[in-house]
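Remarks on the structure that follows.
The values are calculated or read from the model by the stated rules, or taken from the named source; none is laboratory data. Keep in mind the model is a prediction, meaning the values are calculated, not measured. Don't worry about glycine lacking a Cβ; one is built from the backbone with ideal geometry, like all the others, and counts go over all protein chains shown. With ligands, DNA and RNA removed, areas are computed over all heavy atoms of the protein, side chains included. Shrake-Rupley method; radii C 1.70, N 1.55, O 1.52, S 1.80 Å.
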Amino acid sequence: GAGVSQSPRYKVAKRGQDVALRCDPISGHVSLFWYQQALGQGPEFLTYFQNEAQLDKSGLPSDRFFAERPEGSVSTLKIQRTQQEDSAVYLCASSSGGSGEKLFFGSGTQLSVL
Amino acid sequence: EDKVVQSPLSLVVHEGDTVTLNCSYEVTNFRSLLWYKQEKKAPTFLFMLTSSGIEKKSGRLSSILDKKELFSILNITATQTGDSAVYLCAVSRGGATNKLIFGTGTLLAVQP
């Protein structure tokens, strides 16, 4: 596609619900990243894929967070048993090479947990 | 602990003014420093700096890195209302990790 596409744009969940956030990166981009951005803060790294391999998941805040990219293209970030502190914008980004520097970001999914 | 600190946190200027945004960092195994512009949600890439003293320019925007003093500045001349955004500074580290460490950003508001 022309850019990184994320869906849904907005998600409201009741505390305890599971949610799934989708990211469709730029076609052919090898690297895919998930970042979490709380209100008034900069993005914080969650996890990184190179093709289908999850090479770094050190930023996932708890075992309720899980990400996958089974065919090396679309990725899904799943949050189980959502908590209020999970409320944030979840940004997906992709890049053509292995470097995580010149990233192309999607518009994010704004998650609100009530 | 790695950190990136931006200042000021917010700034209000009038069209035509020149602004300077600051970014200082402390990271192990520094590789590069990047500037992104965030309007609404999606950050867009502005500059990547790896060497000290070499200015990067794009139109009215320019940036420079000082690896000795561990900081970078982003200059915007002749500001326009379309420059209103959050400007994010990020640092990447060498080695196996490919993650960026972001600052909290500077919110720039340009008034007509």
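Please enumerate the residues belonging to the stretch A:84-114 that are among the charged types (D, E, K, R) and more than 10 Å from chain B (Cβ to nearest Cβ). It would help to see each step written out before you state the result.
Quick first cut of the stretch A:84-114, residues among the charged types (D, E, K, R) only: A:85-86, A:101-102.
Of everything in the stretch A:84-114, those that are among the charged types (D, E, K, R) and more than 10 Å from chain B (Cβ to nearest Cβ) turn out to be A:Glu85, A:Asp86.
Taking A:Gly40, is it over 19 Å from B:Gly95 (Cβ atoms) and within 10 Å of another protein chain (Cβ to nearest Cβ)? Outline the logic, then answer.
Numbers: over 19 Å from B:Gly95 (Cβ atoms): yes; within 10 Å of another protein chain (Cβ to nearest Cβ): yes.
Yes: the conditions hold for A:Gly40.
Say we look at the stretch B:10-45 and pick out the residues that are in a strand (DSSP E or B), more than 10 Å from chain A (Cβ to nearest Cβ) and open to solvent by less than 40 Å² (accessible area, probe 1.4 Å); which of these is farthest from B:Thr97 (Cα to Cα)?
So, considering only residues that are in a strand (DSSP E or B), more than 10 Å from chain A (Cβ to nearest Cβ) and open to solvent by less than 40 Å² (accessible area, probe 1.4 Å), the one farthest from B:Thr97 (Cα to Cα) is B:Val13.
Looking only at the stretch A:45-57, which residues are open to solvent by 60 Å² or more (accessible area, probe 1.4 Å) and in a strand (DSSP E or B)? If you could, list the steps in order and put the result at the bottom.
To start, the set of residues in the stretch A:45-57 that are open to solvent by 60 Å² or more (accessible area, probe 1.4 Å) comprises A:50-52, A:54-55, A:57.
Once the filter is applied, which keeps residues that are open to solvent by 60 Å² or more (accessible area, probe 1.4 Å) and in a strand (DSSP E or B), the stretch A:45-57 yields A:Gln50, A:Gln54, A:Leu55.
Taking A:Gly42 and the conditions (1) without any contact (Cβ under 8 Å) to a residue 24 or more places away in the chain; (2) closer than 20 Å to B:Phe102 by Cβ; (3) open to solvent by 20 Å² or more (accessible area, probe 1.4 Å), which numbered condition does it fall short on, given that it satisfies the others?
Looking at each condition in turn, A:Gly42 falls short on (3).
Filter the stretch B:78-106 down to the residues that are facing another protein chain (nearest Cβ under 8 Å), surrounded by 15 or more Cβ atoms within 10 Å (Cβ to Cβ) and either over 16 Å from A:Gln41 (Cβ atoms) or among the polar types (S, T, N, Q) (or both) and list them by number.
B:Ser92, B:Thr97, B:Asn98, B:Thr104
Scan the stretch A:58-70 residue by residue and report those that are surrounded by 15 or more Cβ atoms within 10 Å (Cβ to Cβ), within 14 Å of chain B (Cβ to nearest Cβ) and assigned to a loop (DSSP other than H, G, I, E, B).
Within the stretch A:58-70, A:Gly59, A:Leu60 meet the criteria.
Having 1 or more residues that are in contact with a Phe, Trp or Tyr (Cβ under 6 Å, 6 or more places away or on another chain) and of a type in the set (Gly, Ala, Ser) is the bar; report the strands (runs of 3 or more DSSP E) wholly within the stretch B:66-112 that clear it. Full working, then the answer.
Details: elements: B:71-76, B:85-93, B:100-102, B:106-111.
Per the criteria, B:85-93.
If we keep just the residues of the stretch A:1-37 that are within 12 Å of another protein chain (Cβ to nearest Cβ) and part of a loop (DSSP other than H, G, I, E, B), which is farthest from B:Pro8 (Cα to Cα)?
This residue is A:Val30.
Give the residues of the stretch A:1-35 that are open to solvent by 90 Å² or more (accessible area, probe 1.4 Å) and at pLDDT 95 or above, sorted by residue number.
Matches in the stretch A:1-35: A:Arg9, A:Tyr10, A:Val12, A:Lys14, A:Arg15, A:Asp18, A:Arg22.
Can you name every residue in the stretch A:1-34 that is of a type in the set (Ser, Thr, Tyr) and free of Cβ contacts under 8 Å to residues at least 60 places away in the same chain?
Just the residues of the stretch A:1-34 that are of a type in the set (Ser, Thr, Tyr), to begin with: A:5, A:7, A:10, A:27, A:31.
If the condition is that a residue be of a type in the set (Ser, Thr, Tyr) and free of Cβ contacts under 8 Å to residues at least 60 places away in the same chain, then A:Ser27 is the only one that fits.
Please specify each residue of the stretch A:37-83 satisfying the condition of being of a type in the set (A, V, I, L, M) and on the phi > 0 side of the Ramachandran plot.
Taking the stretch A:37-83 first, the residues of a type in the set (A, V, I, L, M) are A:38-39, A:46, A:53, A:55, A:60, A:67, A:74, A:77, A:79.
Matches in the stretch A:37-83: none.
Go through the residues of the stretch B:50-63 one by one and say whether even a single one is within 26 Å of B:Glu15 (Cα to Cα), modelled with pLDDT of 95 or more and at the interface with chain A (Cβ under 10 Å from one of its Cβ atoms).
There is no residue in the stretch B:50-63 that is within 26 Å of B:Glu15 (Cα to Cα), modelled with pLDDT of 95 or more and at the interface with chain A (Cβ under 10 Å from one of its Cβ atoms).
Kindly establish whether B:Ser7 is among the small types (Gly, Ala, Ser), at pLDDT 95 or above, farther than 20 Å from A:Leu91 by Cβ and open to solvent by less than 60 Å² (accessible area, probe 1.4 Å). Steps first, please.
Numbers: among the small types (Gly, Ala, Ser): yes; at pLDDT 95 or above: yes; farther than 20 Å from A:Leu91 by Cβ: yes; open to solvent by less than 60 Å² (accessible area, probe 1.4 Å): yes.
Judged against the criteria, B:Ser7 is a match.
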